[in-house]
Amino acid sequence: MTTPNAPNASSTPHTERALRLTVLVGESDVWHHRPVFTEIVHRAHRAGLSGASVLRGIEGFGASSMIHTQRLLSLSEDLPVAVVIVDEEERVRAFLPLIAELVADGGRVVLDACEIVRFGTDDRERIEERDGQQNGQRDGKRDRDR
(Lines give C-alpha, C1' and ligand atoms only; values in the text may rest on other atoms or scores of the structure.)
Protein backbone atom coordinates (compact mmCIF):
# COMPACT_ATOMS: atom_id res chain seq x y z
CA MET A 1 0.00 0.00 0.00
CA THR A 2 1.36 3.43 -0.92
CA THR A 3 0.77 6.60 1.00
CA PRO A 4 0.09 9.91 -0.72
CA ASN A 5 3.40 11.39 0.48
CA ALA A 6 5.56 8.36 -0.30
CA PRO A 7 8.12 8.96 -3.04
CA ASN A 8 7.88 6.84 -6.17
CA ALA A 9 10.18 6.31 -9.15
CA SER A 10 8.68 9.18 -11.13
CA SER A 11 9.21 11.69 -8.29
CA THR A 12 12.81 10.71 -7.56
CA PRO A 13 14.98 13.39 -9.13
CA HIS A 14 17.89 12.61 -11.39
CA THR A 15 20.53 15.32 -11.75
CA GLU A 16 23.16 15.90 -14.39
CA ARG A 17 25.78 18.55 -14.94
CA ALA A 18 25.03 21.16 -17.57
CA LEU A 19 26.03 24.60 -18.78
CA ARG A 20 23.70 27.60 -18.79
CA LEU A 21 24.24 30.15 -21.53
CA THR A 22 22.68 33.55 -20.94
CA VAL A 23 22.90 36.10 -23.73
CA LEU A 24 22.02 39.67 -22.71
CA VAL A 25 20.97 42.01 -25.51
CA GLY A 26 18.75 45.02 -26.00
CA GLU A 27 15.19 44.47 -27.14
CA SER A 28 15.75 46.73 -30.16
CA ASP A 29 19.00 45.03 -31.28
CA VAL A 30 18.54 43.63 -34.79
CA TRP A 31 20.35 41.27 -37.14
CA HIS A 32 19.33 41.56 -40.80
CA HIS A 33 15.98 43.17 -39.89
CA ARG A 34 15.21 40.53 -37.25
CA PRO A 35 15.51 40.88 -33.45
CA VAL A 36 18.82 39.45 -32.22
CA PHE A 37 17.04 37.44 -29.53
CA THR A 38 14.84 35.80 -32.17
CA GLU A 39 17.85 34.94 -34.31
CA ILE A 40 19.59 33.34 -31.30
CA VAL A 41 16.52 31.19 -30.54
CA HIS A 42 16.24 30.04 -34.16
CA ARG A 43 19.95 29.22 -34.35
CA ALA A 44 19.70 27.25 -31.10
CA HIS A 45 16.75 25.32 -32.50
CA ARG A 46 18.62 24.52 -35.74
CA ALA A 47 21.65 23.45 -33.68
CA GLY A 48 19.50 20.92 -31.83
CA LEU A 49 19.90 22.41 -28.37
CA SER A 50 17.42 21.26 -25.76
CA GLY A 51 15.59 24.59 -25.51
CA ALA A 52 15.82 28.36 -25.30
CA SER A 53 13.79 30.94 -23.41
CA VAL A 54 13.64 34.69 -23.94
CA LEU A 55 13.07 36.79 -20.84
CA ARG A 56 12.21 40.48 -21.13
CA GLY A 57 13.57 42.72 -18.42
CA ILE A 58 11.59 45.52 -16.87
CA GLU A 59 14.58 47.73 -16.16
CA GLY A 60 18.31 47.79 -16.79
CA PHE A 61 21.32 49.53 -18.30
CA GLY A 62 24.20 48.43 -20.47
CA ALA A 63 27.20 49.91 -22.23
CA SER A 64 25.47 53.28 -22.74
CA SER A 65 24.93 53.61 -18.95
CA MET A 66 21.44 54.92 -19.68
CA ILE A 67 18.79 53.23 -17.55
CA HIS A 68 15.96 51.78 -19.62
CA THR A 69 12.70 51.12 -17.83
CA GLN A 70 9.19 50.22 -18.78
CA ARG A 71 7.94 52.94 -16.41
CA LEU A 72 9.00 55.78 -18.72
CA LEU A 73 7.60 55.63 -22.24
CA SER A 74 10.59 57.36 -23.84
CA LEU A 75 13.06 54.84 -22.38
CA SER A 76 10.94 51.69 -22.75
CA GLU A 77 11.96 51.06 -26.35
CA ASP A 78 15.18 49.17 -25.61
CA LEU A 79 14.53 47.06 -22.55
CA PRO A 80 17.04 44.36 -21.61
CA VAL A 81 16.38 40.86 -22.96
CA ALA A 82 18.01 37.63 -21.78
CA VAL A 83 18.11 34.48 -23.91
CA VAL A 84 18.70 31.48 -21.65
CA ILE A 85 19.81 28.07 -22.93
CA VAL A 86 20.69 25.07 -20.75
CA ASP A 87 22.25 21.95 -22.25
CA GLU A 88 25.28 19.69 -22.01
CA GLU A 89 28.51 21.67 -21.75
CA GLU A 90 29.92 20.40 -25.07
CA ARG A 91 26.74 21.33 -26.94
CA VAL A 92 26.61 24.84 -25.47
CA ARG A 93 30.30 25.49 -26.15
CA ALA A 94 29.90 24.24 -29.73
CA PHE A 95 27.02 26.74 -30.13
CA LEU A 96 29.06 29.81 -29.09
CA PRO A 97 30.70 30.39 -32.51
CA LEU A 98 27.21 30.40 -34.07
CA ILE A 99 26.20 33.49 -32.10
CA ALA A 100 29.51 35.38 -32.03
CA GLU A 101 28.54 37.70 -34.88
CA LEU A 102 25.19 38.47 -33.21
CA VAL A 103 26.72 39.81 -30.00
CA ALA A 104 29.92 41.36 -31.34
CA ASP A 105 28.47 44.88 -31.08
CA GLY A 106 27.63 44.88 -27.40
CA GLY A 107 25.74 41.80 -26.30
CA ARG A 108 26.98 40.09 -23.17
CA VAL A 109 27.44 36.32 -23.00
CA VAL A 110 27.52 34.56 -19.62
CA LEU A 111 28.25 30.88 -18.97
CA ASP A 112 27.35 29.23 -15.67
CA ALA A 113 27.88 25.65 -14.56
CA CYS A 114 24.58 24.25 -13.33
CA GLU A 115 22.67 21.05 -12.73
CA ILE A 116 19.57 19.87 -14.53
CA VAL A 117 17.09 18.16 -12.23
CA ARG A 118 14.79 15.70 -13.97
CA PHE A 119 11.71 14.03 -12.57
CA GLY A 120 10.25 11.08 -14.46
CA THR A 121 10.80 10.67 -18.20
CA ASP A 122 13.98 12.16 -19.59
CA ASP A 123 13.46 15.23 -21.82
CA ARG A 124 15.75 13.85 -24.53
CA GLU A 125 13.75 10.62 -24.65
CA ARG A 126 10.55 12.63 -25.11
CA ILE A 127 12.17 14.76 -27.83
CA GLU A 128 13.45 11.70 -29.69
CA GLU A 129 10.03 10.05 -29.38
CA ARG A 130 8.29 13.20 -30.65
CA ASP A 131 10.72 13.58 -33.55
CA GLY A 132 10.27 9.92 -34.46
CA GLN A 133 6.49 10.34 -34.49
CA GLN A 134 6.74 13.49 -36.61
CA ASN A 135 9.06 11.74 -39.08
CA GLY A 136 6.65 8.81 -39.24
CA GLN A 137 3.78 11.19 -39.93
CA ARG A 138 5.78 12.90 -42.67
CA ASP A 139 6.73 9.54 -44.19
CA GLY A 140 3.09 8.44 -44.07
CA LYS A 141 2.01 11.66 -45.76
CA ARG A 142 4.60 11.12 -48.51
CA ASP A 143 3.30 7.57 -49.01
CA ARG A 144 -0.27 8.88 -49.34
CA ASP A 145 0.83 11.60 -51.78
CA ARG A 146 2.43 9.08 -54.16
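The values are calculated or read from the model by the stated rules, or taken from the named source; none is laboratory data. Quantities reported herein were computed from a predicted structural model and do not represent experimental measurements. Virtual Cβ from ideal backbone geometry, glycine too; neighbours counted across all protein chains shown. Ligands, DNA and RNA are excluded from the accessible area calculation, which covers all protein heavy atoms including side chains. Shrake-Rupley method; radii C 1.70, N 1.55, O 1.52, S 1.80 Å.
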Criterion (at pLDDT 95 or above, out of contact with any Leu (no Cβ under 6 Å at 6 or more places or on another chain) and exposed (fewer than 13 other Cβ atoms within 10 Å of the Cβ)) met by exactly one of Leu55, Leu73: Leu55
Among the candidates Asp131, Asp112, residue that is exposed (fewer than 12 other Cβ atoms within 10 Å of the Cβ), in a helix (DSSP H, G or I) and either modelled with pLDDT of 60 or more or of a type in the set (Ser, Thr, Tyr) (or both): Asp131
Subset tally (residues that are open to solvent by less than 60 Å² (accessible area, probe 1.4 Å), modelled with pLDDT of 95 or more and over 21 Å from Val84 (Cα atoms)) for segment 1-47: 0
Number of the exception - Ser50 against (1) open to solvent by 50 Å² or more (accessible area, probe 1.4 Å); (2) modelled with pLDDT under 90: (2)
